[in-house]
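Q: Input: one structure, supplied below.
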Amino acid sequence: MTSEILLAAGLAAERKSAEVTDWAARIGWLVGLALFVALVYWLMREGWKWRGTLQGDLPELPAVPDDPGPARLSMSGRYHGSTTAGQWLDRIVAHGLGTRSRVELTLTDKGLDVVRPGATDFFVPREALREAVLGKGIAGKVLTEGGLLLVTWAHGDRLIDSGFRSDHAAEHTEWVDAINSMINKTETEGAR
């Protein structure tokens, strides 16, 4: 039995522990990964700026009139971005329209006032409004059916879809009805 103990002790003495960590290789991999992530982020940022340059022909956004009139409807929620009308993946980034943010929407007789803390506010005149519908997606944001208020409006020679989501999604139907009736009223008045 003592020979077995001596044999086991001899075998244990011959074995060496493997090195636990090769710090130089690990640090090299981490630095390489950090540089790769930084490069991808920089390329995405440059692509965003390039898209804004390509959309440079879009006119400046209308400002709120001095007297917009009394509010017909108001809501708070999220602004999810604007796209070329009918093309829900063609995001418009010029003039800050691509920036997602909180939003305070107010519908008046003169148009739609879009107030975005931390982003560019804009106003959609009543004459520019074309349609309001309930949708489910815009520019990378997909929700349940009817979870998004999509407002189509004309700006310059383009039709733009802007997506809004109320903090209380039940309000969307009321907004669609109000905007569409306002558009129909404007068309009826213009036909006279």
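Q: Non-local amide H neighbours of Leu148 (under 5 Å, H modeled in plane, Pro and chain starts lacking H): which ones?
A: Sorted by chain and number, the residues that satisfy this are Gly135.
Q: Can you send over the carbon and sulfur percentage of the accessible area for the chain, probe radius 1.4 Å, protein chains only? If you can, show how the numbers build up before the last one.
A: Working: 7090 of 12030 Å².
Of the solvent-accessible surface of the chain, carbon and sulfur hold 59 percent.
Q: What whole-number distance in Å separates the alpha-carbon centres of the range 160-185 and the range 37-116?
A: For the range 160-185 versus the range 37-116, the Cα centre distance is 16 Å.
Q: Shifting gears a bit: Report the Cα-based extents of the chain along its three principal axes, largest first, to the nearest Å.
A: 114, 37, 28
Q: A further question follows. Please tell me the relative contact order of the chain in percent, rounded to the nearest whole number, where contacts are Cα pairs under 8 Å and at least six residues apart. Mind showing how you got there, number by number?
A: On the way: 307 pairs, mean separation 35.0, N = 192.
Over the chain, the number comes to 18 percent.
Q: Tell me the angle of helix 2-14 to the major Cα principal axis of the chain, expressed in degrees between 0 and 90 and rounded to the nearest ten.
A: 50 degrees
Q: Helix 172-191 versus the longest principal axis of the chain: what angle, 0 to 90°, nearest 10, using Cα atoms?
A: 40 degrees
Q: Still on this structure, I have one more. The range 59-156: D in µm²/s via Stokes-Einstein (Kirkwood Rh, Cα pairs, 37 °C, 0.692 mPa s)? Could the numbers behind the result be given before it?
A: On the way: Rh = 13.8 Å.
The estimated diffusion coefficient comes to 237 µm²/s.
Q: Using a 1.4 Å probe, what is the accessible area per residue for the chain, in Å²? Show your work: numbers first, answer last.
A: Working: 12030 Å² over 192 residues.
Computed with neighbouring chains in place, this is 63 Å² per residue.
Q: Another question, if that's okay. Given H placed on each backbone N at 1.01 Å, which residues far from Ala85 in sequence or on other chains put an amide H within less than 5 Å of it?
A: Leu159, Ile160, Asp161
Q: Provide the packing ranking of 61-67, 49-55, 78-84, i.e. peptides ordered by the mean count of other C-beta atoms within 10 Å per residue, highest first. Before the final figure, lay out the partial values.
A: Working: 61-67: 11.6, 49-55: 13.3, 78-84: 21.3.
Highest mean packing first, the order is 78-84, 49-55, 61-67.
The values are calculated or read from the model by the stated rules, or taken from the named source; none is laboratory data. The structure presented is a predicted model; accordingly, all values stated were derived computationally and were not measured. Heads up, the Cβs are rebuilt from the backbone with ideal geometry, glycines too, and the neighbour counts pull from every protein chain shown. Heavy atoms of the whole protein, side chains included, go into the accessibility calculation; ligands, DNA and RNA do not. Shrake-Rupley method; radii C 1.70, N 1.55, O 1.52, S 1.80 Å.
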